[in-house]
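To keep things clear, I will list the structure first and then write my remarks on it.
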Amino acid sequence: MTLSEVRIIQLPKYEDVRGNLSILEGVNHIPFIIKRAYWIYDVPGGCIRGGHAFNEQHEFIIALSGSFDVIVDDGNNRKTFQLNRSYYGLYIPAKLWREMNNFSTNALALVTSSTLYDSKDYIVDYAKFTNTRRR
Ligand code: TYD
């Protein structure tokens, strides 16, 4: 996987005087079946989340509220994506290092994942990650 496969995906947005509505359907809007969703909130200023890669898991991250940055790294290059709208998100394939920082007050990050939680899928050591990439 390379950084070129990481991409912002726009989601449908139904604008209405009563308020807007957006939708996320696995497979139709993002390239995987959603097996799990989790969300990150109440992040104290200056904190970093993530800081790992996955062997199998694909993810799609949306800023449902507020804003934050997602830094994606393929072992050679890094790219920063700012997420700040609830009608688009960032698709991250497996085997890429990623971190999340610059959380605004009241930021709410929704993460949909292609797998159930499995701590063995995590690569938490950056040196091991870069070695895995070279193999
Ligand atoms: P972690 O993935 O390390 O969070 P982040 O990548 O944002 O820093 O998860 C934090 C804790 O939550 C850790 O103890 C594992 C637990 N957890 C689950 O039990 N299930 C899950 O689906 C996730 C994402 C985390």
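The values are calculated or read from the model by the stated rules, or taken from the named source; none is laboratory data. Computed from a predicted model, the values in this text were never measured in an experiment. Note that we place each Cβ from the backbone using ideal geometry, even for glycine, and neighbour counts take in every protein chain shown. To get the accessible areas, we keep the full protein, side chains included, count just its heavy atoms, and leave off ligands, DNA and RNA. Shrake-Rupley method; radii C 1.70, N 1.55, O 1.52, S 1.80 Å.
Taken together, the residues in segment 54-65 that are surrounded by fewer than 16 Cβ atoms within 10 Å (Cβ to Cβ) and charged (D, E, K, R) amount to 1.
Restricting segment 19-29 to residues that are touching a strand residue (DSSP E or B) at 6+ places or on another chain (Cβ under 9 Å) and either β-branched (Val, Ile, Thr) or within 28 Å of Lys120 (Cβ to Cβ) (or both) leaves a set whose member that is surrounded by the most Cβ atoms within 10 Å (Cβ to Cβ) is Leu24. Among the residues of segment 122-135, is any of a type in the set (Lys, Arg), in a loop (DSSP other than H, G, I, E, B), more than 12 Å from the ligand (Cβ to nearest atom) and out of contact with any strand residue (DSSP E or B) (no Cβ under 8 Å at 6 or more places or on another chain)? Yes - at least one qualifying residue is present in segment 122-135. Taken over segment 30-53, the criterion of being more than 12 Å from the ligand (Cβ to nearest atom) and either open to solvent by 50 Å² or more (accessible area, probe 1.4 Å) or at pLDDT below 95 (or both) is satisfied by Pro31, Ile33, Ile34, Asp42, Pro44, Gly45, Gly46. Annotation note: Cβ proximity below 6 Å between a residue of segment 41-61 that is more than 16 Å from Arg133 (Cα to Cα) and a residue that is among the hydroxyl-bearing types (Ser, Thr, Tyr) (sequence gap 6+ or interchain) occurs for His58/Ser114; Glu59/Ser113; Phe60/Tyr91; Phe60/Thr112. Among residues that are in contact with a helix residue (DSSP H, G or I) (Cβ under 8 Å, 6 or more places away or on another chain) and surrounded by 15 or more Cβ atoms within 10 Å (Cβ to Cβ), Leu83 is not included.
State which residue is nearest to the ligand (Cβ to nearest atom) when the search covers only segment 106-118 and only residues that are open to solvent by 10 Å² or more (accessible area, probe 1.4 Å) and more than 11 Å from the chain's Cα centre (by Cα). The residue in question is Tyr117. Among the residues of segment 77-105, those that are outside any strand (DSSP E or B) and either within 11 Å of the ligand (Cβ to nearest atom) or touching a residue at least 60 places away in the same chain (Cβ under 8 Å) (or both) comprise Asn77, Ser86, Tyr87, Pro93, Ala94, Lys95, Leu96, Phe103, Thr105.
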